[in-house]
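Everything below concerns the one structure shown next.
Read the figures in this text as sums done on the coordinates, not as results from a lab. Only a predicted model underlies this, so the values are computations on that prediction, with no experimental measurement involved. Reconstructed Cβ throughout: ideal geometry from the backbone, glycine too, with neighbour counts over all protein chains shown.
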Amino acid sequence: MEELLTAYARSLGIRVVGERDGAPLLQIDFSADVEGRPGAYHGGATAGLLETAGYAALHSRLRELGRDAALKPINITVEYLSAGLPQTSNARARIVRLGRRNANLVVEAWQSDTDKLIAMATMNVLIVDEE
Amino acid sequence: MDRYPDKFDPQVMASAAFQRSHTGWLGLRYSDHGEDWVELELPWRADLLGDERRPVLASGPIISLVDMASGMAIWTAAGTFVQIATLDLRVDYNRPAREHASVFGRMRCYRRTRSAMFVNGIAHDGDIDDPIAHVAGVFMVIRPTKGDVRWKNS
């Protein structure tokens, strides 16, 4: 499962802990490496977790379909809904549409309360199939 | 702390703030600033890569870079430290960064209201006329000051 993560994601401390509703469930613990203002996640670290969950879900689905593809970012919009408290954060992506050349994803991040999102992202990803 | 005693200086803040926390881990550096904009540098590093096949920086740290540059652009434009929280941030990736290249985040605060701060800008890898990404975002002011109300949604 760790092969679903980039060097950046592993270095930041993001890990794949299982699956939820058919997509990889990612986690990161709070540490100084992800801290922005004292006692809260930096928005960039939260965005990194969301984006990593998006790519992990897409890689995982493409692998199931037997497609060997490179993924390239087209865009991402991150919405911050509440402060990331100094505790473990979770993220999971939903693939809204998987096409031949691109995919649209919605990613959600939460902490102890699964019903209270701390952030969400909308992503468009370019899929380049390898020959 | 609501205010610094003197006019906000992004270079002074960078020298203190980038020693630790997420920005310290990324190794962000001050690059340049103007009246309403700040540019920061994210140096290339092997453990920040986003693609096994090519030595280019991942997009995650680029979001951290432009988020931080946005906040500092807001404080520079306001001339003082204001408590803000990122409401949303959109990044359009125009092209991958060059291999082994630093990425620069150059963000401008183009509109300030009592409740919200609006930013836009680019990420580039050396040439501001050939950006790797375009960025737009809105930040909420956590503790608005009185007066100058133009935006009433809070």
Helix axis angle, B:59-78 relative to chain B longest principal axis, alpha carbon, degrees
30
Identify the trypsin sites (Lys or Arg not before Pro) of the stretch A:28-99 meeting these criteria: DSSP loop state and at most 14 other C-beta atoms within 10 Å of the C-beta.
A:R67
Using the alpha-carbon centroid of each, what span in Å lies between the stretch B:45-85 and the stretch A:43-89?
17
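Give me the net charge of A:E108's neighbourhood, meaning all other residues with Cβ under 9 Å from the Cβ of A:E108; Lys, Arg count +1, Asp, Glu -1.
Values: positive: A:R92, A:R94; negative: none.
Residues close to A:E108 contribute a combined charge of +2.
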Using a Gaussian network model on chain B with a 10 Å cutoff between Cα atoms, which of B:H124, B:H134, B:H22 fluctuates the most?
B:H22
To the nearest 20 debye, what is the magnitude of the charge dipole of chain A about its Cα centre, counting +1 on the Cβ of each Lys and Arg and -1 on the Cβ of each Asp and Glu?
300
Hey, what number do you get for chain A at 222 nm if only DSSP H runs of n ≥ 4 count, each worth -39500 (n - 2.57), divided across all residues, to the nearest 500?
-7000 deg cm²/dmol
For A:N102 and A:D115 in the same chain, what is the full-extension length gain: residue separation times 0.36 nm, less their Cα-Cα distance, in nm?
1.8 nm
Specify, per residue and in Å³, the volume enclosed by the convex hull of the alpha carbon atoms belonging to the stretch A:58-97.
120
May I ask for the Rg/Rh ratio of the protein assembly as shown, computed from Cα atoms with Rh as the Kirkwood radius, given to two decimals?
0.96
Given N residues in chain B, what is Rg(Cα) / (2.2 N^0.38 Å)?
1.05
Taking N as the number of residues in chain A, what is its Cα Rg relative to 2.2 N^0.38 Å?
1.01
Residue among B:D51, B:D125, B:D67 with the largest mean-square fluctuation in a Gaussian network model of chain B, springs linking Cα atoms under 10 Å
B:D51
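Run lengths n ≥ 4 of DSSP H only: what is the helix-derived mean residue ellipticity at 222 nm for chain B, with -39500 (n - 2.57) per run over all residues, to the nearest 500? Walk me through the intermediate numbers first.
Numbers: 3 runs with 34 residues, N = 154.
About -6500 deg cm²/dmol.
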